[in-house]
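Report on one structure; see the data block that follows.
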Amino acid sequence: MKQKTRKGLFGFIFLLPVIVMISIFFIYPLIKVVLMSFQEWEIMGGSSFVGLSNYKKALVDDEFWKTLWNTIIYAIIVTPMIFVPAVLLANALKKTSRSTKIFRTIFFIPYAISFVAASYIWQWIYNDSYGILNYILISLNLIGQPINWLGQTWLSRVMVSIMVAWKTLGFTMIIVIAGLQGISPQIYEAASIDGAEKSQVFRYITLPLLRPTLVLALILSLAGSFKAFDHFYIMTKGGPLKTTETIVMYINKIGFEFYDIGFGSAVSVIFLGILLLISYLQLKAGGFQNE
(Lines give C-alpha, C1' and ligand atoms only; values in the text may rest on other atoms or scores of the structure.)
Protein backbone atom coordinates (compact mmCIF):
# COMPACT_ATOMS: atom_id res chain seq x y z
CA MET A 1 0.00 0.00 0.00
CA LYS A 2 2.83 2.35 0.85
CA GLN A 3 4.51 1.56 -2.46
CA LYS A 4 1.32 2.46 -4.36
CA THR A 5 1.04 5.68 -2.35
CA ARG A 6 4.67 6.52 -3.12
CA LYS A 7 4.15 5.86 -6.85
CA GLY A 8 1.01 7.99 -6.82
CA LEU A 9 2.89 10.81 -5.10
CA PHE A 10 5.74 10.66 -7.60
CA GLY A 11 3.22 10.68 -10.44
CA PHE A 12 1.49 13.73 -8.98
CA ILE A 13 4.84 15.54 -8.57
CA PHE A 14 5.70 14.94 -12.23
CA LEU A 15 2.25 16.13 -13.31
CA LEU A 16 2.26 19.17 -11.00
CA PRO A 17 4.02 21.55 -13.44
CA VAL A 18 1.48 20.67 -16.15
CA ILE A 19 -1.43 21.09 -13.73
CA VAL A 20 -0.10 24.50 -12.66
CA MET A 21 0.39 25.65 -16.26
CA ILE A 22 -3.09 24.49 -17.30
CA SER A 23 -4.63 26.15 -14.24
CA ILE A 24 -2.88 29.48 -14.87
CA PHE A 25 -3.23 29.70 -18.64
CA PHE A 26 -6.52 27.84 -19.26
CA ILE A 27 -8.75 27.14 -16.27
CA TYR A 28 -8.39 30.54 -14.56
CA PRO A 29 -8.83 32.58 -17.78
CA LEU A 30 -11.85 30.44 -18.71
CA ILE A 31 -13.52 31.02 -15.35
CA LYS A 32 -12.65 34.72 -15.54
CA VAL A 33 -14.18 35.09 -19.02
CA VAL A 34 -17.38 33.34 -17.92
CA LEU A 35 -17.69 35.66 -14.90
CA MET A 36 -16.94 38.74 -17.03
CA SER A 37 -19.67 37.75 -19.49
CA PHE A 38 -22.27 38.47 -16.78
CA GLN A 39 -20.87 41.94 -16.12
CA GLU A 40 -20.67 45.34 -17.77
CA TRP A 41 -17.23 46.91 -17.64
CA GLU A 42 -16.40 50.59 -17.73
CA ILE A 43 -13.27 51.62 -19.65
CA MET A 44 -11.77 53.56 -16.75
CA GLY A 45 -13.92 52.20 -13.92
CA GLY A 46 -15.24 49.07 -12.33
CA SER A 47 -17.85 46.54 -13.32
CA SER A 48 -21.49 45.84 -12.54
CA PHE A 49 -23.53 42.65 -12.72
CA VAL A 50 -25.99 42.62 -15.65
CA GLY A 51 -27.04 38.97 -15.71
CA LEU A 52 -27.80 37.55 -19.16
CA SER A 53 -27.97 40.95 -20.88
CA ASN A 54 -24.72 40.42 -22.81
CA TYR A 55 -25.91 37.04 -24.07
CA LYS A 56 -29.27 38.48 -25.17
CA LYS A 57 -27.41 41.28 -26.91
CA ALA A 58 -25.24 38.77 -28.77
CA LEU A 59 -28.16 36.62 -29.92
CA VAL A 60 -29.95 39.60 -31.52
CA ASP A 61 -26.79 41.13 -32.99
CA ASP A 62 -26.76 40.86 -36.79
CA GLU A 63 -22.99 41.23 -37.00
CA PHE A 64 -22.49 38.30 -34.62
CA TRP A 65 -24.55 36.01 -36.85
CA LYS A 66 -22.89 37.34 -40.00
CA THR A 67 -19.36 36.70 -38.70
CA LEU A 68 -20.44 33.26 -37.47
CA TRP A 69 -21.84 32.48 -40.92
CA ASN A 70 -18.64 33.74 -42.55
CA THR A 71 -16.65 31.41 -40.29
CA ILE A 72 -18.88 28.43 -41.12
CA ILE A 73 -18.53 29.07 -44.87
CA TYR A 74 -14.76 29.29 -44.53
CA ALA A 75 -14.65 26.04 -42.52
CA ILE A 76 -16.76 24.28 -45.18
CA ILE A 77 -14.39 25.47 -47.92
CA VAL A 78 -11.03 24.88 -46.24
CA THR A 79 -11.66 21.58 -44.43
CA PRO A 80 -11.97 19.40 -47.58
CA MET A 81 -8.97 21.24 -49.07
CA ILE A 82 -6.88 20.06 -46.12
CA PHE A 83 -8.48 16.75 -45.28
CA VAL A 84 -8.84 14.97 -48.63
CA PRO A 85 -5.27 15.61 -49.93
CA ALA A 86 -3.85 14.82 -46.48
CA VAL A 87 -5.48 11.36 -46.45
CA LEU A 88 -4.37 10.61 -50.01
CA LEU A 89 -0.81 11.79 -49.38
CA ALA A 90 -0.61 9.89 -46.10
CA ASN A 91 -1.69 6.71 -47.84
CA ALA A 92 0.94 7.26 -50.54
CA LEU A 93 3.74 8.10 -48.06
CA LYS A 94 2.92 5.68 -45.23
CA LYS A 95 5.86 3.36 -45.99
CA THR A 96 9.11 4.46 -44.39
CA SER A 97 11.87 4.96 -46.94
CA ARG A 98 14.37 7.64 -47.85
CA SER A 99 12.17 9.12 -50.58
CA THR A 100 9.01 9.16 -48.44
CA LYS A 101 10.92 10.88 -45.61
CA ILE A 102 12.01 13.60 -48.04
CA PHE A 103 8.48 14.14 -49.33
CA ARG A 104 7.04 14.16 -45.80
CA THR A 105 9.52 16.85 -44.84
CA ILE A 106 8.68 18.92 -47.93
CA PHE A 107 4.95 18.82 -47.16
CA PHE A 108 5.48 19.49 -43.44
CA ILE A 109 7.85 22.48 -43.80
CA PRO A 110 5.05 25.06 -44.39
CA TYR A 111 3.52 24.09 -41.04
CA ALA A 112 6.66 25.36 -39.31
CA ILE A 113 6.02 28.84 -40.75
CA SER A 114 3.86 31.11 -38.63
CA PHE A 115 0.46 32.14 -39.97
CA VAL A 116 1.57 35.77 -39.92
CA ALA A 117 4.61 35.10 -42.13
CA ALA A 118 2.64 32.80 -44.43
CA SER A 119 -0.12 35.39 -44.77
CA TYR A 120 2.32 38.12 -45.84
CA ILE A 121 3.99 35.74 -48.34
CA TRP A 122 0.69 34.79 -49.96
CA GLN A 123 -0.59 38.35 -49.84
CA TRP A 124 2.38 39.25 -52.03
CA ILE A 125 1.68 36.27 -54.33
CA TYR A 126 -1.96 37.36 -54.74
CA ASN A 127 -1.28 41.09 -55.11
CA ASP A 128 -3.12 42.43 -58.16
CA SER A 129 -0.39 45.00 -58.99
CA TYR A 130 2.90 43.13 -58.56
CA GLY A 131 1.92 39.63 -57.39
CA ILE A 132 3.72 36.68 -58.92
CA LEU A 133 0.49 34.73 -59.56
CA ASN A 134 -0.91 37.36 -61.91
CA TYR A 135 2.52 37.74 -63.54
CA ILE A 136 2.72 34.00 -64.32
CA LEU A 137 -0.86 33.78 -65.62
CA ILE A 138 -0.42 36.85 -67.85
CA SER A 139 2.94 35.52 -69.12
CA LEU A 140 1.21 32.26 -70.09
CA ASN A 141 -1.62 34.22 -71.76
CA LEU A 142 -4.15 32.58 -69.47
CA ILE A 143 -5.58 35.95 -68.39
CA GLY A 144 -5.59 39.31 -70.12
CA GLN A 145 -5.38 41.56 -67.06
CA PRO A 146 -4.52 41.22 -63.38
CA ILE A 147 -7.15 39.68 -61.11
CA ASN A 148 -7.89 41.14 -57.70
CA TRP A 149 -7.74 37.78 -55.91
CA LEU A 150 -8.50 39.17 -52.45
CA GLY A 151 -11.04 41.80 -53.49
CA GLN A 152 -13.95 39.56 -54.46
CA THR A 153 -16.26 37.88 -51.95
CA TRP A 154 -16.10 34.18 -52.83
CA LEU A 155 -12.76 34.34 -54.59
CA SER A 156 -11.06 35.85 -51.52
CA ARG A 157 -12.45 33.05 -49.34
CA VAL A 158 -11.13 30.42 -51.71
CA MET A 159 -7.70 32.01 -52.11
CA VAL A 160 -7.19 32.38 -48.36
CA SER A 161 -8.32 28.76 -47.95
CA ILE A 162 -5.69 27.66 -50.48
CA MET A 163 -3.01 29.36 -48.38
CA VAL A 164 -4.27 27.67 -45.20
CA ALA A 165 -4.40 24.28 -46.92
CA TRP A 166 -0.82 24.75 -48.15
CA LYS A 167 0.31 25.57 -44.62
CA THR A 168 -1.56 22.94 -42.57
CA LEU A 169 -1.76 20.03 -44.99
CA GLY A 170 1.50 18.52 -43.73
CA PHE A 171 0.37 18.47 -40.10
CA THR A 172 -2.84 16.58 -40.90
CA MET A 173 -0.89 14.25 -43.18
CA ILE A 174 1.50 13.31 -40.34
CA ILE A 175 -1.43 12.55 -38.02
CA VAL A 176 -2.99 10.26 -40.62
CA ILE A 177 0.35 8.57 -41.33
CA ALA A 178 0.68 7.77 -37.62
CA GLY A 179 -2.77 6.18 -37.74
CA LEU A 180 -1.90 4.18 -40.85
CA GLN A 181 1.30 2.87 -39.32
CA GLY A 182 -0.73 1.64 -36.34
CA ILE A 183 -2.69 -0.77 -38.57
CA SER A 184 -1.23 -4.28 -38.46
CA PRO A 185 0.48 -5.37 -41.73
CA GLN A 186 -0.99 -8.83 -41.22
CA ILE A 187 -4.44 -7.48 -42.05
CA TYR A 188 -3.19 -6.23 -45.42
CA GLU A 189 -1.44 -9.54 -46.04
CA ALA A 190 -4.68 -11.44 -45.38
CA ALA A 191 -6.56 -9.14 -47.74
CA SER A 192 -3.91 -9.63 -50.43
CA ILE A 193 -4.16 -13.42 -50.09
CA ASP A 194 -7.95 -13.17 -50.50
CA GLY A 195 -7.39 -11.26 -53.75
CA ALA A 196 -8.62 -7.84 -52.62
CA GLU A 197 -7.79 -4.93 -54.92
CA LYS A 198 -6.06 -1.78 -53.67
CA SER A 199 -9.25 0.28 -53.88
CA GLN A 200 -11.14 -2.38 -51.89
CA VAL A 201 -8.40 -2.57 -49.27
CA PHE A 202 -8.47 1.21 -48.85
CA ARG A 203 -12.27 1.38 -48.64
CA TYR A 204 -13.07 -1.65 -46.50
CA ILE A 205 -9.93 -2.00 -44.36
CA THR A 206 -7.92 1.21 -44.18
CA LEU A 207 -10.73 3.73 -43.75
CA PRO A 208 -12.68 1.80 -41.05
CA LEU A 209 -9.53 1.08 -39.01
CA LEU A 210 -8.38 4.66 -39.47
CA ARG A 211 -11.64 6.10 -38.15
CA PRO A 212 -10.35 7.28 -34.72
CA THR A 213 -7.40 9.05 -36.34
CA LEU A 214 -9.61 10.63 -39.02
CA VAL A 215 -12.05 11.90 -36.40
CA LEU A 216 -9.18 13.44 -34.41
CA ALA A 217 -7.71 15.08 -37.51
CA LEU A 218 -11.13 16.37 -38.54
CA ILE A 219 -11.80 17.86 -35.10
CA LEU A 220 -8.41 19.61 -35.10
CA SER A 221 -8.96 20.87 -38.64
CA LEU A 222 -12.45 22.23 -37.98
CA ALA A 223 -11.46 23.74 -34.63
CA GLY A 224 -8.53 25.49 -36.32
CA SER A 225 -10.84 26.74 -39.08
CA PHE A 226 -13.31 28.21 -36.60
CA LYS A 227 -10.49 30.00 -34.75
CA ALA A 228 -9.25 31.69 -37.94
CA PHE A 229 -7.90 35.18 -37.29
CA ASP A 230 -4.33 36.00 -38.38
CA HIS A 231 -4.58 35.23 -42.08
CA PHE A 232 -7.89 37.02 -42.64
CA TYR A 233 -6.79 39.99 -40.55
CA ILE A 234 -3.63 40.37 -42.63
CA MET A 235 -4.81 39.35 -46.09
CA THR A 236 -8.35 40.75 -46.34
CA LYS A 237 -8.92 42.85 -43.18
CA GLY A 238 -12.38 41.25 -43.13
CA GLY A 239 -13.28 42.58 -46.56
CA PRO A 240 -14.76 42.93 -49.03
CA LEU A 241 -17.86 44.24 -47.24
CA LYS A 242 -17.03 42.20 -44.11
CA THR A 243 -17.61 38.92 -45.96
CA THR A 244 -14.35 37.47 -44.63
CA GLU A 245 -14.65 38.84 -41.10
CA THR A 246 -14.56 35.79 -38.83
CA ILE A 247 -16.10 35.48 -35.39
CA VAL A 248 -12.66 35.67 -33.73
CA MET A 249 -12.02 38.94 -35.57
CA TYR A 250 -15.37 40.16 -34.30
CA ILE A 251 -14.51 39.21 -30.70
CA ASN A 252 -11.16 41.00 -31.06
CA LYS A 253 -12.90 44.11 -32.39
CA ILE A 254 -15.45 44.15 -29.56
CA GLY A 255 -12.87 43.70 -26.83
CA PHE A 256 -9.86 45.68 -28.06
CA GLU A 257 -11.40 48.34 -30.33
CA PHE A 258 -14.78 49.00 -28.72
CA TYR A 259 -13.61 48.01 -25.19
CA ASP A 260 -16.93 46.25 -24.55
CA ILE A 261 -15.33 43.58 -22.36
CA GLY A 262 -18.52 42.04 -21.00
CA PHE A 263 -20.16 41.67 -24.40
CA GLY A 264 -16.94 40.32 -25.92
CA SER A 265 -16.69 37.76 -23.12
CA ALA A 266 -20.27 36.64 -23.72
CA VAL A 267 -19.61 36.15 -27.43
CA SER A 268 -16.46 34.20 -26.54
CA VAL A 269 -18.43 31.88 -24.24
CA ILE A 270 -21.08 31.31 -26.93
CA PHE A 271 -18.33 30.56 -29.41
CA LEU A 272 -16.75 28.07 -27.00
CA GLY A 273 -20.11 26.35 -26.67
CA ILE A 274 -20.40 26.11 -30.46
CA LEU A 275 -16.93 24.52 -30.70
CA LEU A 276 -17.78 22.00 -27.97
CA LEU A 277 -21.03 21.12 -29.73
CA ILE A 278 -19.27 20.61 -33.06
CA SER A 279 -16.63 18.40 -31.42
CA TYR A 280 -19.34 16.34 -29.71
CA LEU A 281 -21.26 15.87 -32.96
CA GLN A 282 -18.08 14.80 -34.74
CA LEU A 283 -17.31 12.25 -32.03
CA LYS A 284 -20.87 10.98 -32.20
CA ALA A 285 -20.77 10.75 -35.99
CA GLY A 286 -17.49 8.88 -35.69
CA GLY A 287 -19.13 6.27 -33.49
CA PHE A 288 -17.52 7.28 -30.18
CA GLN A 289 -20.69 8.08 -28.25
CA ASN A 290 -20.86 4.62 -26.70
CA GLU A 291 -17.14 3.91 -26.41
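The values are calculated or read from the model by the stated rules, or taken from the named source; none is laboratory data. Bear in mind the structure is a predicted one, so any value in this text is a computation, not a measurement. Note: ideal-geometry Cβ built from the backbone for every residue, glycine included; neighbour counts use all protein chains shown. For accessibility, only protein heavy atoms count, side chains too; no ligands or nucleic acids. Shrake-Rupley method; radii C 1.70, N 1.55, O 1.52, S 1.80 Å.
Listing for the model above:
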{"quantity": "When residues of region 214-270 are limited to those that are within 19 Å of Val33 (Cα to Cα) and of a type in the set (S, T, N, Q), the one least open to solvent (accessible area, probe 1.4 Å)", "calculated": "Ser265"}
{"quantity": "Of all residues making up region 92-109, the number that are open to solvent by less than 70 Å² (accessible area, probe 1.4 Å) and in a loop (DSSP other than H, G, I, E, B)", "calculated": "3"}
{"quantity": "Search result, residues across region 142-183 that are out of contact with any Ser or Thr (no Cβ under 8 Å at 6 or more places or on another chain) and of a type in the set (Lys, Arg)", "calculated": "Lys167"}
{"quantity": "Selection within region 25-49 - open to solvent by less than 90 Å² (accessible area, probe 1.4 Å) and either assigned to a helix (DSSP H, G or I) or modelled with pLDDT of 90 or more (or both)", "calculated": "Ile27, Pro29, Leu30, Lys32, Val33, Val34, Met36, Ser37, Phe38, Gln39"}
{"quantity": "Test: residue in region 282-291 that is farther than 18 Å from Asn70 by Cα, modelled with pLDDT under 85 and either open to solvent by less than 20 Å² (accessible area, probe 1.4 Å) or in contact with an Asp or Glu (Cβ under 6 Å, 6 or more places away or on another chain) (or both)", "calculated": "yes"}
